[in-house]
Structures are given as structure tokens and as C-alpha cells.
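Notes for the one structure printed next.
Values in this text are rule-based calculations from the coordinates and carry no lab data. Just so you know, these numbers come straight off a predicted model, no measurement behind them. Reconstructed Cβ throughout: ideal geometry from the backbone, glycine too, with neighbour counts over all protein chains shown.
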Amino acid sequence: MRKYIIAFFLLISCTSFAQNLINTNPLPGKAQLQWHDMDFYFFMHFGPNTFTDLEWGKGNEQEEIFNPSQLDCKQWCRIAKEAGAKGIIITAKHHDGFCLWPSKYSTHTIRESKYKNGKGDILKELSDACKEYGLKFGVYISPWDRNHPKYGTADYNDVFVNMMKEIFSNYGPIWELWWDGANGEGPNGKKQVYDWNKFIKTVRDISPSTVVFSDVGPDIRWVGNENGIAGTTNWNLLDTVGFAPGIKAPSTDTLNAGNMYGKNWIPAECDVSIRPGWFYHAKEDTKVKSPEALFSLYLKSVGRGANLLLNVPPDGRGLINSNDSLALIGFKKLRDQSFKNNVLKHAMQMDKEHSDKSEYRKTEVTTFLILKEPVKMNCIVLKEDIQFGQLIKKLDIHLSNHGTEIKKISITTVGKKRIVTFPAEEVSEVSVVINSAKAKPHLSSIEGYLMDEQLVEQ
Ligand code: FUL
């Protein structure tokens, strides 16, 4: 009898131990996990609009207007590399329908233009240059097409699918595919009913490792604004049942913050332009964002666990303008200087877990970092090991100097990376308290920095 009682209690305690360990929260897929490491990359809007000075072409532009005089995709890649960007996503087809590759499924393409007497192919030039420079290559393709005669009929969905097949077969590997949710009228005045399921199946069948962006994923979601700003609470999770890209997307607030208990891993990407417009306009040459403004966007995107997709539009020559490249080099310098020296590198680290009754039974986890001498810092960088999911719901950072608390900073989510800045303080002890988590949290690193005080966001 005693034997059975012991076995019974063993079973009970093993079960509750296992409950503590089981994590049923959504996890990133392999391609998504790699996407999280991309941090920052270029968006490039290029097409007839570059020559007509428009943002949304009408679709009836003469193909011959597209004629960059000095196009050099290697220049784009060189600048991307120097700026520390890890990839380039190009507008293969914007709303005007013009294709930057000689598609068999359209008569409004680079083949009909004057560029290289119709023999040019910018997707080929850029995908080759990206390979040469070790950059990931991504493609934006707008389902909305203001030129295609079939737009507004069921046949157009096949046109769109065939165009994607051409892109994947001829210019791959495609790292990220970007679907714009915009859905306006085509040349016959009709709107298209997009067959999103068919579009997704096409990509999954032909290139399962491509990450697909739209307002609602399936892999990456829009952040809910075009200013490059993620929520201070930013879950990599989203509920998508009943939603679709475009007007059927969740509210921009939901896209900005994600859903704490969302069923799908769909992290946010922050798209924003280095200039006021998405396409190049000479009158905006003096309105390029400064290195400091770009750094501030970095803190509000990458520093909130999202990725930064920064648009750098080539001009009519087919080159990145020097105002933009100078700002980008300055931006890189600010990142390098700011995150060069981890002042907590030599701190002694101790972890403590308190049992308690909250959602995760051992939720309160404190990490102490103790320095021999106080150091000046104005930035803490935290990272969650997201291969186990995104689990931290609430966290306090306590900064002390020889036992006296100077400052307490409370945040919600951490995710891939969380950068917290504050006016500089002399600190000898940092304790990070995870107050609430969805399962056993995995905080993988705590770093401290002293950056130029002008760059601090409060
Ligand atoms: C929007 C488009 O309408 C803009 O022209 C731009 O391409 C932006 C990135 O997405 O939906």
C-alpha cells in the first residue's frame, strides 16, 4: 500500500513540475527566427513614378519614360552594406502595374521601355548584385494593378500568381515577399477580389523558406503605421481569424502592439521612408532624415523588438542620391559608437527565482548585475531568447549606486531586443525583475551603454 501512495505522490509532483515546464505558447518558425536577426534593411521604391514625380502612378504612363541613365545596383548594395543594412526589398511592381522585369504576363514592363533598348531586367541586376554583396533579396509586388486589362476579373488572380512564379523561378532565392494590401480600381473601373489563399499556397509550394509580409502575415505583419514606429508593448503574436490584408485588417492599434495571447507568431516590421515620399522627388533632396532622426527610429523599431525596413529610393539616374547615402553612413556611425562598449560586460551576475502564485508559478525572476565600481550609463539593452516564444509580460529595471536605488524603469514586452534609454546615471548595480511571464522566461542578455546624451529618448 505504502508503495502505491509513494508512486501516487511521485506522479502528482512530476505532473505539476511538467506543467511548470510545458510552454504551449506560439513559437517562431525557422525562417521567422532568421528574419528576426535581420534587424535593418532597405526598401527601394523605383519605377515610372521616379520619372513622373508621382507617388501613385495611374497605370497609363508611357513605358518609354522609364529610362534610368546610370543605373547601378552595385552602388545600391555598396551603400546598403556600408549602412549596415542586411538586405534589399525592391518594388518589382507598384500600383501602376509597371514590371521591373520582362514579365510574360504584362505588356507594361521594362521590356517596353527605353532602358537598355528593352533588354534590361532590374530584378536580375539587383538579385545578382545582392548575391555578390552578401545581402538578402526581397520583392515587393502590389496586387493592385492600375494597368492590367484583366484586373477586376477572376483571371487576374492567375496573372498575379504567374507573375510571382516568374519571380521565384528566375530571381530566387527570395528572402521576403511583400504584399501591399491596397485594393483600388483598375483600368476598367473595377476592384479586384484578391484570392489570398491561392497567393499564399503559390509561395509556400514554390519557396517554403520565403517569409511573406502583409498587414496580417502569414509570416510578418505591418506595424500599423508608415512612420517606422513599433508599440512600446509589442507582441510577436497576432490573431488572424476573420481578418485579411487591406481594409479587412485588424485595427492599426492591434497591429502596432500585437495580441498578448495571439495564436500565431507574426512579428511586426516597421516600414518608413528616409524622405517624405516613397519614390524619389528632387524637391525632397533637402528633406532627407538626419542620422539622429534615423537613430531615433532605430530605437523605436529594432529597439522595440521589430525590424526596420527603411526606404531609400533611387533617383532618375538609377542611383542613390548622396544626401541619402551621407545620412545612412552617419546613422551607421551613431549605432557603432552607441553600442560599442557594454559597460556591464564585467559585472558579476546572479539569478534568483521566487515561487509564487501568479500565472507562471515561478514567475518572479531577478537577475542582479553587480559592478566593482559605478559606471555611467544611459541605456540598457535586453534580449529574450525567442526560440522559446515571447513570454515576458512585465519587467522592472532597478538602477542603484552602492545600495541606493536611483531609478526604476518599468516595461512590458522584451522580445528579440528591447533598448531602454534614460538620462545618464552613475550605476553600480542593475537588477532586472521579471514580474510576470506567460511561462518560464528566457532573458538571454542584459547590456549597458553610454551613448551620446543627445540620442537618448525618454
Ligand atoms: C503603401 C503604398 O500605397 C505606398 O505607395 C508604399 O508603397 C507603401 C510602402 O505601401 O500601401
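A simple spin-label model places pseudo-atoms 7 Å from Cα toward Cβ; at F388 and D37 they are separated by 2.0 nm. Each of the peptides 431-437, 68-74, 88-94 was scored by the mean count of other Cβ atoms within 10 Å over its residues; in descending order, highest first, they stand as 88-94, 431-437, 68-74. Local charge for W196 was computed over the other residues whose Cβ lies under 11 Å away, with Lys and Arg +1 and Asp and Glu -1, and equals +1. Taking other residues whose beta carbon is less than 12 angstrom from the beta carbon of S322, and scoring Lys, Arg as +1 and Asp, Glu as -1, yields -2.
Summarising the amide proton neighbourhood of I90: residues at separation of 5 or more, or on other chains, whose placed amide H is nearer than 5 Å comprise M44, G138, V139, Y140.
Please work out the FRET efficiency for the pair N225 and E55, using the Cβ-Cβ distance as r and a Förster radius of 25 Å; give the result to the nearest 0.05. It would help to have the intermediate numbers written out before the result.
On the way: r = 17 Å, r/R0 = 0.68.
The formula returns an efficiency of 0.90 here.
Pairs K104/K150; K136/K283; K394/K438: which are spaced more than 20 Å apart, C-alpha to C-alpha? Each step should come with its number before you reach the end.
On the way: K104/K150 14 Å; K136/K283 31 Å; K394/K438 10 Å.
From K104/K150; K136/K283; K394/K438, over 20 Å: K136/K283.
Given a cut-off of 22 Å, name the pairs among K340/K393; K352/K383; K74/K300 whose C-alpha atoms lie farther apart than that in the structure shown.
Details: K340/K393 29 Å; K352/K383 18 Å; K74/K300 30 Å.
Checking Cα-Cα distances, K340/K393; K74/K300 exceed 22 Å.
Against the chain, whose longest principal axis comes from its Cα atoms, helix 122-133 is set at around 40 degrees. In this structure, the pairs whose alpha-carbon distance is over 31 Å, taken from K119/K287; K345/K408; K345/K407; K30/K198; K124/K332; K333/K407, are K119/K287. Scaled against the 2.2 N^0.38 Å expected of a compact globular protein of N residues, the Cα radius of gyration of the chain reads 1.10. Relative to the dominant Cα principal axis of the chain, helix 291-300 is inclined by about 60°.
Put a dot 7 Å past the Cα of K116, heading toward its Cβ, do the same for K191, and the two dots end up 3.8 nm apart. Annotation: the antiparallel percentage among DSSP beta bridges lying fully within the chain is about 60. Rounded to whole numbers, the Karplus 3J(HN,Hα) couplings from phi for segment 407-415 are 7, 10, 10, 9, 10, 9, 7, 10, x Hz, using 6.51 cos²θ - 1.76 cosθ + 1.60 with θ = phi - 60°, and x at Gly and Pro.
Other residues lying with their Cβ under 12 Å from the Cβ of T240 contribute a combined charge of 0, Lys and Arg counting +1, Asp and Glu -1. A P(r) calculated from all alpha carbon pairs of segment 348-455, with 10 Å bins opening at zero, reads 15, 47, 30, 7, 0 percent.
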